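A.B. asks: Take this structure, written in structure tokens, and hold onto it; I'll ask about it next.
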């Protein structure tokens, strides 16, 4: 249901690995044959981006890095870049964070320290260097706000009032507030209103920022969802191994989608 | 002990009313006869700033507002500005927040929406307008980083590992990370390490950011310290009433400092 | 004709200015705006007011910066600003009277007004003591001003100026006020006399509608109850008891 | 003469480069830097290493942005970067081989290197497979570069380049590397042969010290234990058991 909200061609922000990756939504996007998605990693990506790229859903990826973490390179992502099948927009973590923070505040731009001399700065027409308007008037890299069409994320819980607890994944709040639409799946619904719980409140993305919430137990599997569960190592191992080839990936994906996935 | 760390002339950041105001430290500063403090409200101020100004500890106040909240104007602050005894550097909340965020990130400047046409922009030589480097190249107000010498704040608890729980007062984390020195008083010490408590972690200012922690039960009284206690209305009423005159303030302060306060 | 207090009238009138927005924040020391927000919740489905001092109506979890970010995001539709002075260009002064460097009288400071003036679509200026001391030719200090350089980003601004005598509408095209209605018992001449700035006077100036019985009953019921959390004394002193 | 593994040698040698900083973060897939950090905790009182994958050594509570802010604040003293290529100007490449638009081989991406290259005072570049394929004349893509316009803010940068053959010192004044020491069994000629860029060769090039018995015992004891939380397989495969 949530996946239907994400239109073909949408600029879709996704959390970094093990930070609330909405695998259930990604699976549904693939099942419905989504196309031309423009992914933005927050600021990096892994399993979900590789899966979406391998399934042919993606037009471009903007990220500071895409990998399977301890399992090495993201094979479908790398193959697609090498084949020229997707556009890769390389970033660096602090620049992506700055872009989302500018987005959260609807500022047109934000400065970021360093980043000089690298090829991202050279290649990206949307990054530039300005002079610090204050002494010592040093050159400073500035990046524009990132304002995704939509973000999908998975979280341990929502409460009955529609607040979502994202814990210490502060960048998810920033990304959600920068996005035009916010879709959330959760492991469970917590009774009551967590805004009134002073311990839980600081980890909430509150209801004004959220468009839709759906229950999706194990919705981040095989990625980890701290503090609820760790990574599903067997499933990730099988993916990393299978996805090394096109055929291996296709077989793994068919299993992942199940009999109704072909629809 | 903490108050001795705050040198005469220091640029001292203080939390907004009912957000962790370090009244115990303020009391000690007055007792030791601190002078020429340059206060920065985070972004506003109340009882503590009025008290420090009335006691003659203050050279300047930078704030978006100073008041006793429901009790109206801050009488000693207003009298000192009217008499030309302190320098008032007027700000506006989002500009102060932007300055502290720039400070936290050690960025030289940060943009802020709006703020055009006001006299703060006209009067403050440290604020300026630049053109957005990106289309539509609209004019944007930018403010410099705020990097206080020291911040003092009061919090409900620290844990044994030296982490301080500030709950939803997120700006206290930002201000502390912007400051060169961070002094914290707390109501109590919590056993263990709260970083490992996923519910409490998002509300922590962790130990790398903190220089000194001291126990000071009721350390924010008479201001409120949610969720621990509300304001001491009787004490604040008596202050608001007494502080209307110099003599009334002096008497109230003598009571507040107690017999050892004259030392 | 039902009787009502001055505050009940202002609550009802202000509430009518809140339009079809969804979210309003009422700041410190703002019982009338808070009450008007509560009343508007009944009049406008989906509208919600956050009240400073009422923990159940303080939905912020990220400290003082969150409301400002919300405003920038277009999630904060309505706000009421007061002040010491307002002038005919909708500049407001919350800082001081006289030379700001050495003022005759110092007040609180500008708070968030200078930023929010560009971000909140429906800003109501509220000056409940209409006189030439508060509605002036030129404010002594501009805490917030709608006057920006050409091309400046703007998604909001002042829209109304409500006083105890009348209601002005701000016209962003001319940058000035137009008299929208006069409260019962007031005259255009009296208002001109009490106002330090020039304003546009339409041919016909209606009288501000009085609150009807249903509205008064709502104010004295749910609104009074809700307001009592943060403003118990005000609710007791300024709003009549139900049925009275 | 004690025997030791290649990894134990690199752990000991890298640890000696960590200096007097207080805080190091080791990233994903970095068992040798993590182990070197753990070893350095014993050698340098007050030093502390955060290890990706070890919850007890992950002190961050504000998500992914916190380490970058810490670096900007000067609270992050030491970091180890690897990559696909490094050149003689200390540009590193974590992105691709060939034309980046249509690369022969794509890798992960630059992660935080481009920013951290200006913020962390003690950056060690670690290329454990020293060859002309990894130590190149000019990287195919600059993920991070110390080359900034004049006057640019800089509180850190690359300091060392450690490989399995030798150790280079980066000289910010010349913007190039100098051979600091060669590992046991290597020769300057062999290193020159395996290196795609020119470097400064001092008159006397010492041999990189071998780890002493106490260091090896420490690596095989506390370090191995601590490392096993995040890197159990590596600890088992590459570090000998205590007393062996």
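A.B. asks: Which of (1) buried (at least 20 other Cβ atoms within 10 Å of the Cβ); (2) without any contact (Cβ under 8 Å) to a residue 40 or more places away in the chain; (3) not in a helix (DSSP H, G or I) is the odd one out, the single condition residue D:28 does not satisfy?
C.D. replies: With (1) buried (at least 20 other Cβ atoms within 10 Å of the Cβ); (2) without any contact (Cβ under 8 Å) to a residue 40 or more places away in the chain; (3) not in a helix (DSSP H, G or I) applied to residue D:28, the lone miss is (1).
A.B. asks: Which of the residues that make up the stretch A:199-242 are touching a helix residue (DSSP H, G or I) at 6+ places or on another chain (Cβ under 6 Å), in a loop (DSSP other than H, G, I, E, B) and within 14 Å of another protein chain (Cβ to nearest Cβ)?
C.D. replies: Selection gives A:200, A:223.
A.B. asks: Shifting gears a bit: Being in a helix (DSSP H, G or I) and more than 9 Å from chain C (Cβ to nearest Cβ) narrows it down to one of B:49, B:89, so name that one.
C.D. replies: Testing whether each residue is in a helix (DSSP H, G or I) and more than 9 Å from chain C (Cβ to nearest Cβ) leaves just B:49.
A.B. asks: Taking residue D:154 as the residue in question, decide whether it is over 16 Å from the mean Cα position of the chain (by Cα), facing chain A (nearest Cβ under 9 Å) and either without any contact (Cβ under 8 Å) to a residue 40 or more places away in the chain or buried (at least 21 other Cβ atoms within 10 Å of the Cβ) (or both).
C.D. replies: It is true that residue D:154 is over 16 Å from the mean Cα position of the chain (by Cα), facing chain A (nearest Cβ under 9 Å) and either without any contact (Cβ under 8 Å) to a residue 40 or more places away in the chain or buried (at least 21 other Cβ atoms within 10 Å of the Cβ) (or both).
A.B. asks: Given the conditions (1) surrounded by 24 or more Cβ atoms within 10 Å (Cβ to Cβ); (2) more than 30 Å from residue B:127 (Cβ to Cβ); (3) in contact (Cβ under 8 Å) with a residue 24 or more places away in the chain, and given that residue A:240 satisfies all but one, which numbered condition is not satisfied?
C.D. replies: Residue A:240 satisfies every listed condition except (1).
A.B. asks: Output yes when any residue across the stretch B:21-43 is surrounded by 18 or more Cβ atoms within 10 Å (Cβ to Cβ), assigned to a helix (DSSP H, G or I), without any contact (Cβ under 8 Å) to a residue 60 or more places away in the chain and in contact with a strand residue (DSSP E or B) (Cβ under 8 Å, 6 or more places away or on another chain), and no when none is.
C.D. replies: yes
A.B. asks: Every residue in the stretch D:125-151 that is within 14 Å of chain A (Cβ to nearest Cβ) and either within 23 Å of residue D:109 (Cβ to Cβ) or buried (at least 21 other Cβ atoms within 10 Å of the Cβ) (or both), please.
C.D. replies: Once the filter is applied, which keeps residues that are within 14 Å of chain A (Cβ to nearest Cβ) and either within 23 Å of residue D:109 (Cβ to Cβ) or buried (at least 21 other Cβ atoms within 10 Å of the Cβ) (or both), the stretch D:125-151 yields D:138, D:139, D:140, D:141, D:142, D:143, D:144, D:145, D:146, D:147, D:148.
A.B. asks: Next question, about the same structure. Kindly provide the set of residues from the stretch B:171-184 that are surrounded by fewer than 23 Cβ atoms within 10 Å (Cβ to Cβ) and either farther than 13 Å from residue B:40 by Cβ or without any contact (Cβ under 8 Å) to a residue 12 or more places away in the chain (or both), ordered by number.
C.D. replies: Across the stretch B:171-184, the qualifying residue is only B:181.
A.B. asks: Take residue B:147 and decide whether it is surrounded by fewer than 21 Cβ atoms within 10 Å (Cβ to Cβ) and either touching a residue at least 40 places away in the same chain (Cβ under 8 Å) or assigned to a loop (DSSP other than H, G, I, E, B) (or both).
C.D. replies: yes
A.B. asks: Step by step: first the residues of the stretch A:113-126, then only those that are over 21 Å from the mean Cα position of the chain (by Cα) and either buried (at least 17 other Cβ atoms within 10 Å of the Cβ) or facing chain D (nearest Cβ under 7 Å) (or both), then the one that is nearest to residue B:108 (Cα to Cα). Which residue is that?
C.D. replies: A:113
A.B. asks: Only one of D:21, D:37 is part of a loop (DSSP other than H, G, I, E, B), touching a residue at least 40 places away in the same chain (Cβ under 8 Å) and in contact with a strand residue (DSSP E or B) (Cβ under 6 Å, 6 or more places away or on another chain). Can you tell me which?
C.D. replies: The unique qualifying residue is D:21.
A.B. asks: Step by step: first the residues of the stretch B:96-109, then only those that are more than 7 Å from every other protein chain (Cβ to nearest Cβ) and under 28 Å from residue C:147 (Cβ atoms), then the one that is farthest from the chain's Cα centre (by Cα). Which residue is that?
C.D. replies: B:102
A.B. asks: Given (1) in contact with a strand residue (DSSP E or B) (Cβ under 8 Å, 6 or more places away or on another chain); (2) crowded, with 17+ Cβ neighbours inside 10 Å; (3) in contact (Cβ under 8 Å) with a residue 60 or more places away in the chain, identify the lone condition not met by residue C:219.
C.D. replies: Of everything listed in (1) in contact with a strand residue (DSSP E or B) (Cβ under 8 Å, 6 or more places away or on another chain); (2) crowded, with 17+ Cβ neighbours inside 10 Å; (3) in contact (Cβ under 8 Å) with a residue 60 or more places away in the chain, residue C:219 misses just condition (1).
Bear in mind these aren't lab numbers, they're just calculated from the coordinates by the rules spelled out. This structure is a prediction, so every number in the text was calculated from the model and none was measured. Note that we place each Cβ from the backbone using ideal geometry, even for glycine, and neighbour counts take in every protein chain shown.
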